[in-house]
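Heads up, the thing below is written out as structure tokens.
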Amino acid sequence: MRGALRSLLGLAAVLGLATAPAAAEELNLFAWSEYVPQSVLDGFTQETGIQVNHETYASNEEMLAKLLSGAASYDLIQPSEYVVEALVKERQLVRLDHAKIPNLKHVAPEYWNQPHDPELRYSVPYMQGSVGIVVDTEKVKEPIAGFADVFQEKYAGRIVILDDALEVVTWGLATLGLRPEHVSKENLAKVRPVLAKWLPLVRVYDSDSPKTALLNGDVDLGVVWSGEAAILINEKPGRFAYVLPKEGTHMFIDSLAIPKGARNVEAAHRFIDYVLRPEVGREISRAFPYTNPNLEARKLLTPAELANPASYPPGAPKLATFRDIGPLAADVDKLFTDLKATSSR
């Protein structure tokens with residue numbers, strides 16, 4: 001789930017997370033699953049001698065819970081845009097030294113003006129993506145244009161979706177003509193009956209690798225991360241289609257950021273700069289084909305890679321980033337959790 005922040009951030013203040021002594025030549029990276037190629041980690045270690053300890057998570061909430069509990073110490077994390085915003089508000093991120101990240105010049109101009117961190121003082125874009133609909137065209141012949149088209153009785157037991165409270169709630173809001181920033185107690189009450197109809201139709205909840213159920217033929221359509229859709233399109237050309245919902249959908253920006261309490265701040269800066277090298281960015285894109293914020297890396301991609309509609313959507317789709325919703329995140333999580341539990345009975 002890319003949601004529920006405020007109570008976890010409050011825990012950080014209670015714990016008083018302090019900067020720990022530096023450890024020798026290592027980097028503790030806590031990142032989204034299926035997002036950082038092992039070859040990139042190996043290349044960084046080979047060049048710098050810095051050993052990377054790579055741990056993964058499937059949701060922002062999972063990452064925050066472990067990070068802010070003090071159970072482990074991390075030097076780099078990969079928060080999404082609204083989580084960066086929340087962590088900055090709570091002073092839980094280290095301010096970046098741009099002099100140590102010369103490759104920051106490769107980041108496209110539009111990523112410097114995002115509301116969560118307009119000057120990239122605390123975060124550097126890693127990958128951008130969207131949340132959209134994947135259709136197995138060999139099995140689904142009817143037109144699918146939006147969220148409401150997916151969640152129909154005729155597709156019961158044939159749907160995979162992300163296991164993410166804020167995502168799912170905003171999909172329901174979108175069908176009511178409401179944007180992600182319209183999350184409120186009143187609007188959550190409005191969206192409850194929508195989700196109560198949708199969730200019993202779902203067969204698989206998967207934020208780690210939602211493409212797997214589609215590739216295996218266990219489901220016929222779903223709502224997934226764009227990079228997952230791009231891999232399906234690459235692996236099975238002509239079989240899978242990616243559709244950006246007509247109601248509008250989430251454009252997420254996942255970044256690299258250094259959390260307060262990091263032991264290896266210097267190594268973290270070196271890794272960020274390494275990832276921003278065009279040839280390294282190309283390597284990341286080829287393994288995990290999301291939208292690369294690195295303009296020079298994009299120039300190294302093939303025409304076919306740039307033409308993948310899930311990686312680089314054509315036209316002018318209705319996309320919006322999320323903002324920090326504060327205490328309402330707990331209400332979003334409770335709504336989703338309650339309805340999910342009820343639908344599985």
Original post:
With respect to Lys318, is the statement that it is over 20 Å from the mean Cα position of the chain (by Cα), on the phi < 0 side of the Ramachandran plot and not acidic (Asp, Glu) true?
Top reply: no
**OP:** Could you figure out which of (1) in the same structural domain as Leu93 (by TED's automatic domain parsing); (2) touching a residue at least 24 places away in the same chain (Cβ under 8 Å) isn't true of Pro180?
**Re:** (1)
Original post:
Looking at Ile233, Ile272, which is the one that is within 29 Å of Gln92 (Cβ to Cβ) and surrounded by fewer than 24 Cβ atoms within 10 Å (Cβ to Cβ)?
Top reply: Ile272
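Might you let me know whether the stretch 234-254 holds any residue that is assigned to a helix (DSSP H, G or I), farther than 25 Å from Val169 by Cα and assigned by TED's automatic domain parsing to the domain that holds Ile161?
Looking for residues that are assigned to a helix (DSSP H, G or I), farther than 25 Å from Val169 by Cα and assigned by TED's automatic domain parsing to the domain that holds Ile161, one finds at least one in the stretch 234-254, hence yes.
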Subject >> Restricting the stretch 90-111 to residues that are part of a helix (DSSP H, G or I) and surrounded by fewer than 14 Cβ atoms within 10 Å (Cβ to Cβ), the residue that is modelled with the lowest pLDDT >> reply: Glu110
Original post:
Which ones in the stretch 29-76 are surrounded by 15 or more Cβ atoms within 10 Å (Cβ to Cβ), hydroxyl-bearing (Ser, Thr, Tyr) and under 19 Å from the mean Cα position of the chain (by Cα)?
Top reply: Tyr35, Thr56, Tyr57, Ser59, Tyr74
**OP:** From (1) within 26 Å of His182 (Cβ to Cβ); (2) hydroxyl-bearing (Ser, Thr, Tyr); (3) more than 16 Å from the chain's Cα centre (by Cα), pick out the condition that doesn't hold for Ser207.
**Re:** (3)
Subject >> Filtered residue count, the stretch 162-198, keeping only those that are assigned to a loop (DSSP other than H, G, I, E, B), under 22 Å from the mean Cα position of the chain (by Cα) and either on the phi > 0 side of the Ramachandran plot or not aliphatic (A, V, I, L, M) (or both) >> reply: 3
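The values are calculated or read from the model by the stated rules, or taken from the named source; none is laboratory data. Treat the numbers as computed from the prediction; the structure is a model and nothing was measured. Neighbour counts run over all protein chains shown; Cβ positions are idealised from the backbone, glycine included.
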